[in-house]
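Some notes on the structure that comes next.
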Amino acid sequence: MEKLLEILSEIRPEVDYANETDLVNRHLLDSLDIVVLVSDIEDAYGIVIDVNDIAPENFSSLEAMLKLIERRGGKI
């Protein structure tokens, strides 16, 4: 989880990722942020995120992103 928090903090350091549950709909992460995030997550965790997984519900919270990483075979 710390690795993901580091990645997120590099993108938007002002966001409280540990407590925020609606990052996309509250516009705390935009589409460009998610593109960068997908690339960074793939590199950091050695996984491939399928284009079908790039959906708001998979990036709405820290927990949702951790579940996505685990589903794609990443070790948390």
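The values are calculated or read from the model by the stated rules, or taken from the named source; none is laboratory data. Computed from a predicted structure; not experimentally measured. Using ideal geometry, Cβ is built from the backbone for each residue, glycine included, and neighbour counts are taken over all protein chains shown.
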When you go through Glu14, Glu63, Glu42 one by one, which is the residue that is modelled with pLDDT of 95 or more, surrounded by 14 or more Cβ atoms within 10 Å (Cβ to Cβ) and acidic (Asp, Glu)?
-> Glu42
Is segment 29-38 home to any residue that is in contact (Cβ under 8 Å) with a residue 12 or more places away in the chain, within 13 Å of the chain's Cα centre (by Cα) and in a loop (DSSP other than H, G, I, E, B)?
-> yes
Every residue from segment 45-62 that is part of a loop (DSSP other than H, G, I, E, B) and under 19 Å from Tyr17 (Cα atoms) = Ile54, Ala55, Phe59, Ser60, Ser61
First in segment 10-27 and in a loop (DSSP other than H, G, I, E, B), second anywhere and surrounded by 14 or more Cβ atoms within 10 Å (Cβ to Cβ) and among the charged types (D, E, K, R), Cβ under 7 Å, 6 or more apart | Arg12/Asp33
